[in-house]
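Trainee: So that we are looking at the same thing, I have put the structure below in structure tokens.
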Amino acid sequence: LNIKSSGINAEYGGILLNSSLKGLTFEELRVLILKCDDSSLSPSVMESLLRFLPSGEDMASLRTLKDEYDELCTAEQFAFMLSNIPRIEPRLQAMVFKKKFYEEAKEIKPDLTYVIAACEELKTSEKFGKTLELILLIGNYMNSGSRNAESYGFKLNFLTKLQNTKAHDNRSNMLHFLANLLENRYPQWVNFKDDLRNLEKARRVSDDQLSKQLRGMKKSLNNLKKELEFHKNPESIDDRFGTEMNAFLKFANDEYEKLDATYTNMGKCVAEIISFYGEDPKKDKPRGILQRYCHLL
């Protein structure tokens, strides 16, 4: 067996030194895992257990050592205990997923809400629309006599250039000029930022990260559904994997469907706001488009 290697023993020591496991016997830990009782098992502890697991060949060898248990070193006894839990690896993987699911869903929900709300604010804020009209008016004035004069609109990436358009004295830029103009001539529009309360939070949201998280959730849910096929007839009365995970799967599936539907709705809202301002939805992602608007805040 490879259990006696220093790496394995170090991993074993780290697991048992974890405060949540102090005082637990191997048998008590075995029952916790069988019952899917994660009250004392954090994701990091379960991930450590997964790293500690011997290879499939070593697991099979360990299960033959029941009569020699007392002669095994402590780390080997620990591994022996784990090897006697049915389907220990996918079981722990499912428990880690369950433990992390609630927190991950809790993190995703507000991100989706921020983006959807920001899109609605950008579409309905009259003050923001008037400010964009003013920027177009200033741009046409500055370009008078050129081929860009009397433009009907401008690309949103122009907003990122306002700070770079300097005055003759090089002490101020077009953004300063716009702020002064709003404050002195159009005070009714100057607080347009108040209409865009969710924009700052929304622009930090990564569409790629949300997509990756939801794909990961779906994959883990499918894996759990397949794993439950092996737990219809538990070998022990303590084995509650089927009961606990079937209940969790129903809840998690429903929660995932809601998140996925909201994510789809978020994509539609972003595409609509991009089109609303004359841009191409196929070329822009939520984070990029919202960051450009933030240049005016």
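The values are calculated or read from the model by the stated rules, or taken from the named source; none is laboratory data. Worth saying up front: this structure is predicted, and the values here are computed from it rather than measured. Note that each Cβ is placed from the backbone with ideal geometry, even for glycine, and that neighbours are counted across all protein chains shown. Surface areas here come from the heavy atoms of the whole protein model, side chains and all, with no ligands, DNA or RNA. Shrake-Rupley method; radii C 1.70, N 1.55, O 1.52, S 1.80 Å.
Trainee: Quote the accessible area belonging to Arg215 in square angstrom, nearest 10, computed with a 1.4 Å probe and with ligands, DNA and RNA left uncounted.
Mentor: About 140 Å², rounded to the nearest 10.
Trainee: A further question on this structure: Given R₀ = 30 Å, what would the calculated FRET efficiency be for Arg185 paired with Thr113, taking r from the Cβ atoms and rounding to 0.05?
Mentor: Result of the calculation: an efficiency of 0.25.
Trainee: Now a separate question. For Phe26, Phe251, Phe78, give the ranking by accessible area with the largest first, probe 1.4 Å.
Mentor: Most to least solvent-accessible, the answer reads Phe251, Phe26, Phe78.
Trainee: Oh, and also: If one computes the Cα centroid of the stretch 204-219 and of the stretch 61-85, what distance in Å separates the two points?
Mentor: 41
Trainee: Taking 22 Å as the cut-off for C-alpha to C-alpha distance, list the pairs among Lys123/Lys268; Lys22/Lys106; Lys219/Lys282; Lys106/Lys232; Lys106/Lys282; Lys130/Lys282 that go past it.
Mentor: From Lys123/Lys268; Lys22/Lys106; Lys219/Lys282; Lys106/Lys232; Lys106/Lys282; Lys130/Lys282, over 22 Å: Lys22/Lys106; Lys219/Lys282; Lys106/Lys232; Lys106/Lys282; Lys130/Lys282.
Trainee: Run the 1.4 Å probe and let me know the accessible area of Asp254, rounded to the nearest 10 Å².
Mentor: Accessible surface of Asp254 is approximately 70 Å².
Trainee: Would you mind computing, in nm to one decimal, how far apart the modelled labels at Ser275 and Glu126 are, each placed 7 Å from Cα along Cα→Cβ?
Mentor: For the pair Ser275/Glu126, the computed spacing is 2.6 nm.
Trainee: Oh, and also: Run the dipole for the stretch 20-147 about the Cα centre, Lys and Arg Cβ at +1, Asp and Glu Cβ at -1, nothing else charged, and hand back the magnitude in debye, nearest 20.
Mentor: On the way: 17 positive and 21 negative charges, 161 e Å.
The dipole of the stretch 20-147 has a size of about 780 debye.
Trainee: Might you work out the accessible area of Glu255 for me, using a 1.4 Å probe with all protein chains in place, and round it to the nearest 10 Å²?
Mentor: The accessible area of Glu255 comes to roughly 20 Å².
Trainee: Which residues in the stretch 182-211 place their backbone N less than 17 Å from a point set 7 Å from the Cα of Leu134 along the Cα-to-Cβ direction?
Mentor: Within reach of a label on Leu134, which here means backbone N under 17 Å from a point 7 Å along Cα→Cβ, the stretch 182-211 contributes 182-196.
Trainee: Taking amide H positions as placed in the peptide plane 1.01 Å from N, state which residues far from Asn173 in sequence (5 or more) or on other chains have amide H under 5 Å from it.
Mentor: Under 5 Å from the amide H of Asn173 lie the amide H atoms of Ala167, each far enough along the sequence or on another chain.
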